[in-house]
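The numbers here are math on the coordinates, done by the rules we state, and not lab data. Here the structure is a predicted model, which means the values were calculated and not measured. With ideal geometry, Cβ positions are generated from the backbone for all residues, glycine too; neighbour counts draw on all protein chains shown.
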Amino acid sequence: MGIPSYFSYIVKNHIHIIQKYIKNKMNIHNLYLDCNSIIYDAVCNIDFSTIKVNDVTTKMISNQVITKIEEYISTIQPSQNIMIAFDGVAPVAKLEQQRTRRYKSWYQNEVSKTIFKNLKPDVWNTTAITPGTIFMKELNDFIMKHFTQPSKYGVERLIVSTSNECGEGEHKIFDYIRSNVNDHFEKSTVIYGLDADLIMLSINHLPISPQIYLYRETPEFIKSIDNSLEPNESYFMDIPELTRIITTDMNNGKEFVNDQQKNRIYDYIFLCFFLGNDFMPHFPALNIRTGGIDKLLNAYKATISENEFLTDGKNIQWKQVRKLVAFLAEREEEYIQNEMKLRDKWEKKHYPDDTPEQRYAKFDAIPTYERELEKYVNPYKKGWQNRYYKALFKVDIDDERRKQIATNYLEGLEWTMKYYTNGCANWNWCYKYNYPPLLEDLIKYVPYFETEFIKENTYKPVSPLVQLCYVLPTHSLGFLPEKLYKELKENYSHWYKNDCEFIWAYSKYFWESHVELPEIEIEELKLVVSKVLNN
């Protein structure tokens, strides 16, 4: 879902839940920091024009990270718990997204070099901010040695989870909240961060931690969303108030109480899965920028009665999901046709290219004017459903393939629900396609009765080295140990191509595009890494 879409939606529609932070105004018990963004900020704040590349040390970056963490602690002044969490190894579903993002980042840098002729090369490769690199191991050591005394910060407990511990930083934070309900039920908790995932996770955990607030300096793009918000000022997002607004809207303006609100919270999160996230793509008929949330909420209010719900946070009520999907499927063609009309208007926009900045903006907007695949699909022309699969899945669709794609998507709904609510149920699962099935096909395979697609299994998180091998693009394989680097370059070069195809149908910006990367079979990769390390 990503910051620019969901965060801007929240700000535009509920501006009063974003409040400038005033020190000492609130009594805060717990402060939890999702710290990977702090590393990136530290790197960005280094003036590389005055420093030689060899002088950029882990210690220099680590000191900036530590300074920033302590600045946030001093600002919030929690009285009970501090948790400092960095991203460890992620589930394979997330690795797919990381791999794609890193490849696109490399490609965008290459484009920038051709557009900005005097662009200086990157002095420091931020791909080093990945579990398993020498940089992260050294940063972990600095962090562990520095943050050892809770009393120094006036708290009872100081929990540090480095990249050596598996799990995404924000999910480690909420794992801790779930495991220590008594520390949160009647206590106020501030979480550093302001991205879509944190918003969703915070809403989802309000039933056990009813006073959660998000805190962060606002990013530069905030001015384009609301002029009253100032870039780089510190703001709170009031999650309880946001949740009250959302659940009241779901009940046609009446406030829910107790368990009813709890179930509506879980239902809202579940609905938003259809808009896409780090693990699954959005439906072309449901776009957050063009009223996707409203379409979902209208479908919900039309199909789910006051005593019904989609999920209780543990199990999905597929019978109710069927009603929702059926409602959407009936309107899918109309929705996609409306999207097509809007995108036809976007295509007519003129992009000047007089300056390097304008040329890069034109490149980033390429999905709005290079639209061959969308026009081939053409929802106004009979048979568009088959052309959808032909263009975006590269298959001649039949019932067996429809079932495979739809079942994988239903698995994804359940996997993501469990991941947001109870932790990772299957470390190896992933959605295998760049696009979702059509809603009119999905409805054919939504179960009528209670069904569990994702069962607990014995799969464990991959090792940091396996993750590195999986997510690194070719030009960054030098972060691997030499023996492993040599093995992959000599015998597995087909996994690491530099000429992959981009597909951006139904995207607005290039960075939202999909990459046709060669498949890496995770079990095979584990064997390769194990063989090299044991020789």
Subject >> Electrostatic dipole magnitude of segment 316-430 [Cβ: Lys, Arg +1; Asp, Glu -1; Cα centre; debye, to 20] >> reply: 340 debye
**OP:** Return an integer: the convex hull volume of the alpha-carbon atoms of the chain, in Å³ per residue.
**Re:** 168 Å³
Subject >> Listed peptides 85-95, 504-514 by packing density, highest first (mean Cβ within 10 Å) >> reply: 85-95, 504-514
**OP:** Let me have the relative contact order for the chain, percent, based on Cα pairs under 8 Å that are six or more residues apart.
**Re:** 18 percent
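When the gyration tensor of segment 288-442 is built from Cα positions, what are the square roots of 5 times its three eigenvalues, in whole Å, from largest to smallest?
Numbers: eigenvalues 205, 76, 70 Å².
Semi-axis lengths for segment 288-442 are 32, 19, 19 Å.
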Original post:
Once Lys and Arg get +1 and Asp and Glu get -1 on their Cβ, which of P91, T421, S179 lies farthest toward the positive end of the dipole of the chain?
Top reply: P91
**OP:** Please arrange K375, K348, K418 by counting, for each residue, the other beta carbons lying within 10 Å of its beta carbon, fewest first.
**Re:** K348, K375, K418
Original post:
Taking the Cα centre of segment 107-173 as origin and charging only Cβ (+1 Lys, Arg; -1 Asp, Glu), how large is the dipole, in debye to the nearest 20?
Top reply: 240 debye
Original post:
Can you give the charge dipole size of the chain about its Cα centre, rounded to the nearest 20 debye, using +1 on the beta carbon of Lys and Arg and -1 on the beta carbon of Asp and Glu?
Top reply: 400 debye
Original post:
Can you list residues whose amide H is under 5 Å from Y235's amide H, if they're 5+ apart or on another chain and H is modeled 1.01 Å from N?
Top reply: Y21, R216, E217, T218
Original post:
So for the pair K23, D396, with labels modelled 7 Å out along Cα→Cβ, what separation do we get in nm?
Top reply: 7.0 nm
Subject >> Mean separation of Cα contacts under 8 Å, 6 or more apart, over the residue count of segment 415-535: relative contact order % >> reply: 22 percent
**OP:** Past 18 Å, Cα to Cα, is the threshold; run K375/K432; K486/K526; K25/K68; K12/K301 against it and keep the listed order.
**Re:** K375/K432; K25/K68; K12/K301
Original post:
Residue separation times 0.36 nm, minus the C-alpha to C-alpha distance between D141 and E370: what's the value?
Top reply: 77.7 nm
**OP:** Using only Cα positions of segment 291-340, each an equal point scatterer, no hydration layer, compute I(q)/I(0) via Debye at q = 0.27, 0.29 Å⁻¹ and quote the log10 values to two decimals.
**Re:** -1.05, -1.13
**OP:** Holding the Cα-Cα limit at 20 Å, pick out from K295/K341; K394/K508; K295/K323 the pairs that are longer than that.
**Re:** K394/K508
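From the Cα gyration tensor of segment 377-489, with a ≥ b ≥ c the square roots of its eigenvalues, which class applies: rounded if a/c is under 1.5, or else prolate if a/b is larger than b/c, or else oblate? Display every interim value, and only then the final one.
Numbers: a/c = 3.29, a/b = 1.46, b/c = 2.25.
Oblate, since a/c reaches 1.5 and b/c is not below a/b.
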Original post:
So what's the gap between the Cα centers of segment 379-393 and segment 105-141, to the nearest angstrom?
Top reply: 39 Å
**OP:** For segment 166-309, would you read off the P(r) tail past 18 Å as a percentage of all alpha carbon pairs?
**Re:** 63 percent
**OP:** Could you point to the residue in A128, G169, Y107 farthest towards the positive end of segment 82-205's charge dipole, with +1 and -1 charges on the Cβ of Lys/Arg and Asp/Glu respectively?
**Re:** Y107
Subject >> Helical mean residue ellipticity (222 nm; -39500 (n - 2.57) per DSSP H run of 4+; nearest 500) of the chain >> reply: -14500 deg cm²/dmol
Subject >> Approximate spin-label separation T248-N315, in nm, with each point projected 7 Å along Cα-to-Cβ >> reply: 3.4 nm
Subject >> segment 426-468 and segment 20-94: distance between their alpha carbon centers, rounded to Å >> reply: 33 Å
